[in-house]
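Undergrad: This structure is in structure tokens; I'll ask about it shortly.
The values are calculated or read from the model by the stated rules, or taken from the named source; none is laboratory data. Small disclaimer: the values here were computed from a predicted structure and weren't measured. All Cβ positions, even for glycine, are placed from backbone atoms using ideal geometry, and neighbour counts span all protein chains on display. SASA here: full protein model, heavy atoms, side chains in, ligands and nucleic acids out. Shrake-Rupley method; radii C 1.70, N 1.55, O 1.52, S 1.80 Å.
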Amino acid sequence: MDTVRALGGDVYEIDTRMAGYSGITAGYLILGSRPCLVETGTATSAPVVRDALASLGVGAGDLATVVVTHIHLDHAGGVGDIAGMFPAAEIVVHEKGARHLVDPSRLMASAKMVWGDKLDVLFGSLAPTDAARIRALGDTGAIDLGDGRTLSSHYSPGHAKHHVGLIDSFTGDLYVGDAAGVYMPETGDLRPATPPPDFDLDVALASIALFQDLGPERLLFSHYGPVDDVTSILDRSAEELRIWVDLTKQARSEGLDLDHAVAMVRDRTKDRYGALQNADERAEHFEMLSGAPSNVAGILHWLDRISPPGPDHP
């Protein structure tokens with residue numbers, strides 16, 4: 001698979017090769033008079049991204065902006081490294097994530113707790129970024145792409161409290177990050193991404209409704225790639241969330257522990273996804289991106305927050 005693919009409208013998909021895999025995480029370059037990189041990928045992906053930008057004629061002094069949809073390490077782990085490689089670029093992130101790019105220690109400590117020894121292989125280490133180079137976004141904001149073209153940000157929590165969607169005024173492309181789930185182009189599968197600690201069903205559904213209201217021409221998934229069938233995919237995104245939450249609620253009401261809840265939800269949903277019909281590399285990639293244990297744990301965390309278990313409940 002090629003690292004760079006032209007998508008039209010001066011937009012280029014970059015396969016950031018997370019942990020050496022292709023087709024897992026995408027960054028996007030909007031190549032206007034003020035070039036803008038959307039998503040950096042992981043820290044270990046930074047040299048791949050640098051070389052991809054160079055192949056498109058964007059050198060160290062040329063990149064105007066780096067924007068991330070949220071600060072999870074598969075999307076923003078390379079921010080510090082990319083900032084160092086492109087010293088003229090402004091780094092744009094939601095205000096709830098900005099401090100973690102300046103001082104990544106808490107973010108890295110929590111990631112270490114989740115991923116353990118896999119952390120270095122999957123993500124590497126997020127390097128700090130000088131606060132003076134960061135622009136923090138509120139609920140909405142605009143990034144100047146040059147020549148009257150803008151990338152407008154829209155606060156879209158539910159997956160993460162520091163998540164934004166980004167819509168291009170020229171193409172109508174909406175960069176959805178993880179707020180609409182994980183899409184697998186080979187099979188057309190869409191699966192929710194509901195990790196702890198921020199997942200909230202009502203907020204996540206409101207973000208999907210916001211995306212519908214924005215009326216995008218195309219969705220650009222960080223995992224993975226462009227989707228033209230906007231309305232049906234966003235409808236599917238909301239449907240998937242409801243199904244996973246309903247099944248996890250059922251497991252919780254039956255008193256199942258996390259492992260048994262995961263097994264039940266995995267079994268009840270497996271027929272929804274073509275990628276899981278064969279135990280091959282696609283199934284492995286799907287689980288890496290939107291693993292059932294992470295999804296169920298995030299939903300349980302939310303359920304415990306809104307309806308704490310009683311004394312007889314595990």
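Undergrad: Checking the structure you have, find out if any residue of the stretch 100-118 is open to solvent by 70 Å² or more (accessible area, probe 1.4 Å), hydrophobic (A, V, I, L, M, F, W, C) and over 21 Å from SER294 (Cβ atoms).
TA: Within the stretch 100-118 (the criterion being open to solvent by 70 Å² or more (accessible area, probe 1.4 Å), hydrophobic (A, V, I, L, M, F, W, C) and over 21 Å from SER294 (Cβ atoms)), the answer is no, since none of the residues qualifies.
Undergrad: Okay, next question. Just to be sure before I move on: is VAL58 surrounded by fewer than 23 Cβ atoms within 10 Å (Cβ to Cβ), among the aliphatic types (A, V, I, L, M), farther than 30 Å from PHE199 by Cα and touching a strand residue (DSSP E or B) at 6+ places or on another chain (Cβ under 8 Å) in the structure I sent?
TA: yes
Undergrad: I'd like to know if the stretch 202-219 contains one or more residues that are hydroxyl-bearing (Ser, Thr, Tyr) and closer than 20 Å to HIS159 by Cβ.
TA: Yes, that holds for at least one residue.
Undergrad: While we're on this one: Among the residues of the stretch 145-183, write down those that are among the charged types (D, E, K, R), buried (at least 23 other Cβ atoms within 10 Å of the Cβ) and over 15 Å from ASP229 (Cα atoms).
TA: If the condition is that a residue be among the charged types (D, E, K, R), buried (at least 23 other Cβ atoms within 10 Å of the Cβ) and over 15 Å from ASP229 (Cα atoms), then ASP168, ASP178 are the ones that fit.
Undergrad: Looking at the stretch 36-45, is at least one residue closer than 13 Å to THR129 by Cα and of a type outside the set (Lys, Arg)?
TA: Yes, because at least one residue in the stretch 36-45 is closer than 13 Å to THR129 by Cα and of a type outside the set (Lys, Arg).
Undergrad: Against the condition in contact with a Leu (Cβ under 7 Å, 6 or more places away or on another chain), of a type in the set (A, V, I, L, M, F, W, C) and buried (at least 23 other Cβ atoms within 10 Å of the Cβ), how does VAL93 come out, does it pass?
TA: For VAL93, the condition - in contact with a Leu (Cβ under 7 Å, 6 or more places away or on another chain), of a type in the set (A, V, I, L, M, F, W, C) and buried (at least 23 other Cβ atoms within 10 Å of the Cβ) - is met.
Undergrad: Against the condition within 18 Å of the chain's Cα centre (by Cα) and assigned to a helix (DSSP H, G or I), how does LEU107 come out, does it pass?
TA: yes
A quick yes/no check of all residues on (1) small (Gly, Ala, Ser); (2) under 17 Å from the mean Cα position of the chain (by Cα); (3) open to solvent by 10 Å² or more (accessible area, probe 1.4 Å):
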site: ASP200; (1), (2), (3): no, yes, yes
site: GLN212; (1), (2), (3): no, no, yes
site: VAL230; (1), (2), (3): no, no, yes
site: SER237; (1), (2), (3): yes, yes, no
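Undergrad: Applying the selection to the stretch 8-55, what residues are surrounded by fewer than 19 Cβ atoms within 10 Å (Cβ to Cβ) and assigned to a strand (DSSP E or B)?
TA: Result: GLY8, single match.
Undergrad: Any idea how many residues of the stretch 69-82 are in contact with a His (Cβ under 8 Å, 6 or more places away or on another chain), under 15 Å from PRO104 (Cα atoms) and either outside any helix (DSSP H, G or I) or modelled with pLDDT of 95 or more (or both)?
TA: Residues in the stretch 69-82 being in contact with a His (Cβ under 8 Å, 6 or more places away or on another chain), under 15 Å from PRO104 (Cα atoms) and either outside any helix (DSSP H, G or I) or modelled with pLDDT of 95 or more (or both): 2 in total.
Undergrad: Continuing with the same structure: Just to be sure before I move on: is SER125 free of Cβ contacts under 8 Å to residues at least 24 places away in the same chain and outside any helix (DSSP H, G or I) in the structure I sent?
TA: Here the answer is no, as SER125 does not meet what is asked.
Conditions tested, residue by residue: (1) open to solvent by less than 30 Å² (accessible area, probe 1.4 Å); (2) in a helix (DSSP H, G or I); (3) modelled with pLDDT under 90.
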site: LEU241; (1), (2), (3): yes, yes, no
site: THR248; (1), (2), (3): yes, yes, no
site: ASP259; (1), (2), (3): no, yes, no
site: VAL262; (1), (2), (3): yes, yes, no
site: VAL265; (1), (2), (3): yes, yes, no
site: MET288; (1), (2), (3): no, yes, yes
site: VAL296; (1), (2), (3): yes, yes, no
site: ARG305; (1), (2), (3): no, yes, no
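Undergrad: Let me ask another. For the stretch 184-195, does any single residue satisfy the condition of being among the polar types (S, T, N, Q), closer than 24 Å to LEU73 by Cβ and open to solvent by less than 10 Å² (accessible area, probe 1.4 Å)?
TA: The answer is yes; a qualifying residue exists.
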